[in-house]
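Reviewing the structure listed below.
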Amino acid sequence: MTKGLRWFAGEWASLGRSPKTLISLVGIICIPVLYSGIYLWAFWDPYGHLERLSVAVVNEDKPAEFEGETYTIGSDLVKEFQADPSFDWHFVSREEADRGLAANAYYFAIVVPEDFSKRATTLMDQQPTPLEITIKSNEGLNYIVAKIGHSGIENIRRQLSEKLTLSYTEAIFGSLEELKDGMQKASTGAGDLHAGLRTLSSGTAKLAATVKNNQASIHELDKGAADLKAAAAKLADGAAKLNEAYGQIGTGTKQVDTALGQLQAGGIQLDAGLEPLAKGAAGVDQLIAGYAAQHPDTAEDATYQQLQAAGAQVSAGLAQVQTSVKTFNAGVAELVAKHGQLVSGVGAFAPNLKQLTTGAAQLSTGAASLYTGVHKVSTAWTALIEGIDELAAGEKKLVDGSGELSAALKDGASELTSIHSSQGLFEMMANPVRVREDNINTLPNYGTGMAPFFISISLYVGALLLTTVFALRDNFAPPSSGFLWWLSKYSVMMAVSIGQALLVSLVLTGVVGLDPLNTVDFALYTLFVSLVFMAIIQLLVTLGDNVGRFFAIILLVLQLAATSGTFPVELGPDGLQTIHKFLPITYTVEGFRSILSTGDYELLRQDIGLLLIFWAVASAITVIMLSAFVRKKRRIQALEA
C-alpha cells in the first residue's frame, strides 16, 4: 500500500518537474471556456441586432384611384419600414438594389411592384388579385440572414395584411350600415308593394269580370259592323247606279226639252191654222144661213138640214178644237215653264248626286275599315280576356312573392340590426386569431438556448485536447497495478476538469450573462459532465493512442449531428436518430437544459444516472485494460530476469 502511494505521489511530482506540461495544462483548462464563452458571447442575442443588417427597399408602386379615393399603399409601406428599426433600410432604385446584392452590400432586397396599390382595389372584383412583394435574397452570402429576412418581412406582411383587412372591414361594415338602412326601407317598401299588389290583383279581378261581361256586346258590335259593311256596300252600289241613271235622265231631259219646243211651236202653228178654219166655218155657216134665208124652202130640205147641222157641228167642233188648242198651248207653255224648272232642278241635283256617290263609296270603305277594326277589337277582346287571366295569375304570384319578400326583408333587416360595428370588431375581423404565448419555460435569448450544446462540446473538446499535452500511456516508473495507473492519470484529468468547470461557470454566468436556475447545480453538473468526458477520452486514447483520438473525433462529429443540440433529432436522417440515444452528449444537453431553463430535475437525475453508466463502463474498461498492461509488463520483466 505504501509503495503504491509513493508511486502515485511520484507520478504527480513528475508533473511539477515539467513547467512546460504545467503551462500546457493551464492552457487546456482554458479551452472549454474559450470555446463556449466566445461562441455564446458572439451569438448571445443575434436577433437583437438585426438593425445592423443592410436591406434594400425598392418602391415602384403607383397611386391607384378607387371610388373617389387615392391609394398609395407602396408609400405607406415605405413609411412603415422607415418607422421600423428592425433592419438597416436603404431606399434605392431597382438597379442600385441589384448592384448592391451582387456586390454583397445588401443581404436582401424588398421590391414593391408598380401595381401594388392597384391590386388592393380589386378586392370587390370577381377574381381579386392578391398583393405581392418580391424579396430578393442573397442566400449564398448568408443563408441564416436570408431566412431571418423572410421572417422579418413575413411579420411586416402580416401587419400590412391586418391594416388592409381592417380598412376593408370598416368599408364593408359601413356598407352593411347603409344596407341595413336600405333593407329597412326596402322592407317597408316591400310591405307597401304587397298591399298595392293585393289591391291591383283585386282590381284586375274586377276588370276581368267586366271585360268578360262585355264580351257578348263586343260580338254583337262585330256582327253589327259586318251588317253595316254589307249595307254600306249596297248603298255605294245604289248610288253608283243612281249616278248612272241620272246621266240617262239628263239625256232624256234634253230630248224632252227639244220635243216640248217643237210641240209648243206646233201648237202655236195649229192655233194659227185654226183661225182661218174657224173664220171659214163661220163664213160657211153664214152662207148656209143666208142661203136658207134666201131659200126658205130649204128649211124642210133634209139635205140642207144635214148640211146645216154638219156646218154647225164643224163650227162647233172647230170652236171646240180652237179652244182645246188654246188650252193645249197654254198647257204646253206651262209644261215648258215647268220643264225649265225641272231642268234647273236636275242641274242643281247633279253635284249633290256626285257627292252622294263619293260619300257612299267612302262610307262603304269606312264601313269595311270599321268592320276590320271592330273585328280586330273582338279578336283582341278575346285575347285581352286571356291576357287578363294570365295577368291575374301572375299578380297572384307577385302577391305571394311580395309577401315572402317583405317577410324576408323584414327578417334580414332585423338580423342586420343585431350587427353592431366597433373598432374592436374591426380589429378582430382583421386579425381573428391571436397567438397567446404561454411558454412553459421561457428562454431570454438565443445564447441561453444554445448553451447546453456548446458547453457540452467545449468540455468534450477540452478533454480531447488534454491528451495532446498529457501522456496517458507513459509513467515516470512502472505502476504497481492497473488501478493505480488509471487513478494517477484520471486524478490529473479530474484536476483539469475542476479548473475547466470553475472557469466555465464563472465566465458564462459572470461575464457572458448566462443565468441558470441554480448556479451551484450548474457548476457541479458542469464538473460532472467534464469528468464523464475525461473517462471516455481516457479509455479511447489509452486503448489506441492516436487511433483512439481519431475515434474520439469521430464520436465528436456524430454527437454534433445526432444529439438535438441545434435542431431536433427527428429532423435528421433515420441513422442518426438510431444512434442518438447511445451518445453521451445527448444526456449532457438534456441535463444542462434542465438546470438552465426547464427545471426538470427528474429528467436531470435520469440523465446523471445514464452518464454515470458511461463513466463507470469507461473507467472499468480502462482499469481492466491497464491492469492487463501491468501484468504483461511484469511477465516480460520476469522473462528478462
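From A205, A195, grab the single residue that is in a helix (DSSP H, G or I), of a type in the set (G, A, S) and in contact (Cβ under 8 Å) with a residue 40 or more places away in the chain. Exactly one residue qualifies, and that residue is A205. For region 43-51, the count of residues that are of a type outside the set (A, V, I, L, M, F, W, C), buried (at least 18 other Cβ atoms within 10 Å of the Cβ) and assigned to a loop (DSSP other than H, G, I, E, B) is zero. Name the single residue, out of those in region 105-123 being part of a loop (DSSP other than H, G, I, E, B) and at pLDDT 85 or above, that is surrounded by the fewest Cβ atoms within 10 Å (Cβ to Cβ). Here the residue is E114. Here N518 meets the list (1) closer than 26 Å to I553 by Cβ; (2) surrounded by fewer than 20 Cβ atoms within 10 Å (Cβ to Cβ) almost entirely, failing just condition (1). Going by the structure shown, is S86 more than 35 Å from the chain's Cα centre (by Cα) and in contact (Cβ under 8 Å) with a residue 12 or more places away in the chain? It is true that S86 is more than 35 Å from the chain's Cα centre (by Cα) and in contact (Cβ under 8 Å) with a residue 12 or more places away in the chain.
Quick one: would you say I23 is surrounded by 11 or more Cβ atoms within 10 Å (Cβ to Cβ) and without any contact (Cβ under 8 Å) to a residue 60 or more places away in the chain? Lay out the reasoning, then the answer.
Values: surrounded by 11 or more Cβ atoms within 10 Å (Cβ to Cβ): yes; without any contact (Cβ under 8 Å) to a residue 60 or more places away in the chain: yes.
Against the criterion (surrounded by 11 or more Cβ atoms within 10 Å (Cβ to Cβ) and without any contact (Cβ under 8 Å) to a residue 60 or more places away in the chain), I23 qualifies.
Annotation note: Cβ proximity below 7 Å between a residue of region 212-236 that is touching a residue at least 24 places away in the same chain (Cβ under 8 Å) and closer than 20 Å to I385 by Cβ and a residue that is surrounded by 17 or more Cβ atoms within 10 Å (Cβ to Cβ) and of a type in the set (S, T, N, Q) (sequence gap 6+ or interchain) occurs for I218/S378; H219/S378; D222/S378. Look at region 91-104: where a residue is within 15 Å of I135 (Cβ to Cβ) and in a helix (DSSP H, G or I) and a partner is acidic (D, E) and modelled with pLDDT of 90 or more, sitting 6+ places away or on another chain with Cβ atoms under 9 Å, you get R94/E60. So for region 459-466 (the condition being part of a helix (DSSP H, G or I) and over 30 Å from P46 (Cβ atoms)), does at least one residue qualify? So far as region 459-466 goes, yes, one or more of its residues are part of a helix (DSSP H, G or I) and over 30 Å from P46 (Cβ atoms).
Could you list, in sequence order, all residues of region 70-86 that are among the polar types (S, T, N, Q) and not in a helix (DSSP H, G or I)?
T70, T72, S86
Of Q500, Q559, Q538, all but one fail to be in contact with a Pro (Cβ under 7 Å, 6 or more places away or on another chain), in a helix (DSSP H, G or I) and of a type outside the set (A, V, I, L, M, F, W, C); the exception is Q500. Taking the listed residues F476, F483, F567, the one that is exposed (fewer than 14 other Cβ atoms within 10 Å of the Cβ), among the aromatic types (F, W, Y) and at pLDDT below 95 is F567, with no other qualifying. Looking at this structure, is R634 within 18 Å of L459 (Cα to Cα), part of a helix (DSSP H, G or I), among the charged types (D, E, K, R) and out of contact with any Asp or Glu (no Cβ under 8 Å at 6 or more places or on another chain)? No. Scanning region 512-535 for residues that are assigned to a helix (DSSP H, G or I) and within 60 Å of the chain's Cα centre (by Cα) turns up just one, V512.
Return the residue satisfying two criteria in turn: it lies in region 594-611 and is free of Cβ contacts under 8 Å to residues at least 40 places away in the same chain and within 27 Å of Y490 (Cβ to Cβ), and of such residues it is nearest to the chain's Cα centre (by Cα).
Quick first cut of region 594-611, residues free of Cβ contacts under 8 Å to residues at least 40 places away in the same chain only: 594, 600-603, 605-607, 609-610.
Next, only the ones that are within 27 Å of Y490 (Cβ to Cβ) stay: 594, 605-607, 609-610.
Details: S594: 53, R605: 61, Q606: 59, D607: 59, G609: 64, L610: 62 Å.
The selected residue is S594.
Exactly one residue out of I249, I268, I218 is at pLDDT 70 or above, surrounded by 14 or more Cβ atoms within 10 Å (Cβ to Cβ) and within 30 Å of T327 (Cβ to Cβ), and it is I268.
Out of I172, I156, one residue alone is at pLDDT below 70, among the hydrophobic types (A, V, I, L, M, F, W, C) and closer than 26 Å to D76 by Cα. It is I172.
A residue that is among the small types (G, A, S) and not in a loop (DSSP other than H, G, I, E, B) can be found somewhere in region 125-137.
The values are calculated or read from the model by the stated rules, or taken from the named source; none is laboratory data. Note that the coordinates shown come from a computational prediction; the quantities given were computed from them, not determined experimentally. Using ideal geometry, Cβ is built from the backbone for each residue, glycine included, and neighbour counts are taken over all protein chains shown.
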